[in-house]
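The values are calculated or read from the model by the stated rules, or taken from the named source; none is laboratory data. Source: prediction; values computed, not measured. When we count neighbours, we look across all protein chains shown, and the Cβ atoms used for this are built from the backbone with ideal geometry, even at glycine. The protein model used for the area step is the full one, side chains on, heavy atoms only, and it has no ligands, DNA or RNA in it. Shrake-Rupley method; radii C 1.70, N 1.55, O 1.52, S 1.80 Å.
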Amino acid sequence: MTKHLFDLPEFLISLSIFSYLEINDYCKLDIACTSRQLRQHLYYLFSCSKWNQCEFITNITVGKMFWLFSRSFPLTQVSLAGDLTDDDIRGIFELLPLCPRLVTINFNSNLSITDSLLADTGKFLAGVSQIDASYCHNLTDNGVHLLAQSSPHLAKLNLSCCRNVTKNVLGLLAVKCGRLSHLNISYLQGIDEMSIKFFAQRCSQLAHLNLSRCTEVTDSTLLIVSEACPKLTDLDISNCRKVKDFSIIELSKRCGMLQNLNFRHCKSLSDKALTAVSEGCPLLETLTVSYCVKLTDVSLVSIAKGCRKLRRVNMSYCGFITDVTIQALGRHCPQLEHLNLSFCSYILHPETVNFRGKVDISYKKFSQLAHWHNNFLLHTSS
């Protein structure tokens, strides 16, 4: 009988029949569907009906909606970000076994994610390999330990801006998550040589590492990472101002697979570091050196010649860069897509450069900044 229902014209079903269904009736119809194809068709029609409107949200629990969707489609990721309550999260966790293909969970900014909640529900995370717990301010080292313990296949973990997580978490991850390939611990304070060494030596498959604003990161820290993790492809050390040329030179020698580098606000770096990158990292695609005030055309021209796969370059606020660098990028980097030259005082005519493809150029001058500042003063005074 259910099958014959779908022989009717689609518009007739969605507008005429589904407009009279209540949510409990829909659930019964969903259960009656004996094949995934019918359930998928049902869910599509359901999304076209009145229940797709805003008032629907007040008539159904988050858990039930999740259940309905998981029956129709093989979910691979679930987002629990935002303002979901503790009860909503617990209900969804209990339904995770219905999703055997689930690999990614996003907790971003959810203050309901606590150590106690993970202690109760962590057992449902066994198949998950990617977790985003960034900005979960109520999560501590103990909660991260529970995540690691519950997810033996964990490969990608984001702990950015978790203010109650400490450097000790590196030791926990080293013991429990030897398969980690992606780790974001930006804003994690107090990282020392011992903690990073213990972690890096046990997670040698690491490819993506974000240490942005980890202000205690030094040359010694990076030397340890480059020795233990030769497969690095992405490294973000923006605002790590204690890093100097020496560690970047060694990094370039040992990690030749690097594709994305972010040196924003690393003001101690000079042309020596960037020249080494140009020689040792030919696969580089993205480079950010904004606010690296010591850099000149010497190293950026070298980058253009040695890293011909570059797609995105941000050199904003690099005061010594001139049109010579832009011309070199146009000549040697055919895959270039985006170029940020904002507030580079000596770059005068980027529009005259002939790029091989279409390049999106961000180019703002200090005169514009002064104009915005004067407008701001005018509006605030009035």
- Item | Matching residues in segment 153-169 - criterion: being surrounded by fewer than 21 Cβ atoms within 10 Å (Cβ to Cβ) and in contact with a Lys or Arg (Cβ under 8 Å, 6 or more places away or on another chain) | His153, Ala155
- Quick one: which of Ser220, Ser270, Ser299 is open to solvent by 30 Å² or more (accessible area, probe 1.4 Å) and on the phi < 0 side of the Ramachandran plot? Ser220
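Just the residues that are aromatic (Phe, Trp, Tyr) and assigned to a loop (DSSP other than H, G, I, E, B), please, taken from segment 307-322.
Initially, segment 307-322 is screened for residues aromatic (Phe, Trp, Tyr), giving 317, 320.
Listed by number, the list holds a single entry, Tyr317.
I'd like to check something: does segment 253-263 contain any residue that is of a type in the set (S, T, N, Q), open to solvent by 10 Å² or more (accessible area, probe 1.4 Å) and under 19 Å from Pro350 (Cβ atoms)?
Filtering segment 253-263 down to residues of a type in the set (S, T, N, Q) leaves 259-260, 262.
This time we only want the ones that are open to solvent by 10 Å² or more (accessible area, probe 1.4 Å), so: 259-260, 262.
This time we only want the ones that are under 19 Å from Pro350 (Cβ atoms), so: none.
Taking every residue of segment 253-263 in turn, none turns out to be of a type in the set (S, T, N, Q), open to solvent by 10 Å² or more (accessible area, probe 1.4 Å) and under 19 Å from Pro350 (Cβ atoms).
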- Item | Close pairs from segment 281-299: first more than 22 Å from Ser226 (Cβ to Cβ) and without any contact (Cβ under 8 Å) to a residue 60 or more places away in the chain, partner of a type outside the set (Ser, Thr, Tyr) and assigned to a strand (DSSP E or B), Cβ under 8 Å, at least 6 apart | Ser290/Asn314; Ser290/Asn340; Val293/Phe320; Thr296/Phe320; Asp297/Phe320
- Query: Of (1) within 18 Å of Ala126 (Cα to Cα); (2) crowded, with 17+ Cβ neighbours inside 10 Å; (3) touching a Cys at 6+ places or on another chain (Cβ under 8 Å), Leu172 satisfies all except one. Which?
  - Reply: (3)
- Task: Report, by residue number, each residue of segment 139-171 that is within 22 Å of Ile237 (Cα to Cα) and either outside any loop (DSSP other than H, G, I, E, B) or without any contact (Cβ under 8 Å) to a residue 12 or more places away in the chain (or both).
- Result: Lys156, Leu157, Asn158, Val169, Leu170, Gly171
- Message: As an exercise: evaluate Ala200 against (1) outside any loop (DSSP other than H, G, I, E, B); (2) open to solvent by 10 Å² or more (accessible area, probe 1.4 Å) and give the number of the one condition it does not meet.
- Response: (2)
- Message: Considering only residues that are in a loop (DSSP other than H, G, I, E, B) and either over 29 Å from the mean Cα position of the chain (by Cα) or at pLDDT below 80 (or both), which ones fall in segment 325-382?
- Response: Ser345, Tyr346, Ile347, Leu348, His349, Val353, Asn354, Phe355, Arg356, Lys365, Ser382
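Between Leu223, Leu251, Leu206, which is under 19 Å from Leu287 (Cβ atoms) and either modelled with pLDDT of 95 or more or under 20 Å from the mean Cα position of the chain (by Cα) (or both)? Before the answer, list the steps.
Details: Leu223 fails: under 19 Å from Leu287 (Cβ atoms); Leu206 fails: under 19 Å from Leu287 (Cβ atoms).
Result: Leu251 is the single residue among Leu223, Leu251, Leu206 that is under 19 Å from Leu287 (Cβ atoms) and either modelled with pLDDT of 95 or more or under 20 Å from the mean Cα position of the chain (by Cα) (or both).
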- Query: What strands (runs of 3 or more DSSP E) completely inside segment 54-137 contain at least 1 residues that are modelled with pLDDT under 90 and surrounded by fewer than 19 Cβ atoms within 10 Å (Cβ to Cβ)?
  - Reply: 77-79
- Test: residue in segment 311-331 that is under 20 Å from Gly357 (Cα atoms), surrounded by fewer than 23 Cβ atoms within 10 Å (Cβ to Cβ), touching a Lys or Arg at 6+ places or on another chain (Cβ under 8 Å) and free of Cβ contacts under 8 Å to residues at least 40 places away in the same chain: yes
- Going through (1) modelled with pLDDT of 95 or more; (2) at negative phi one by one, Tyr187 fails only at (2)
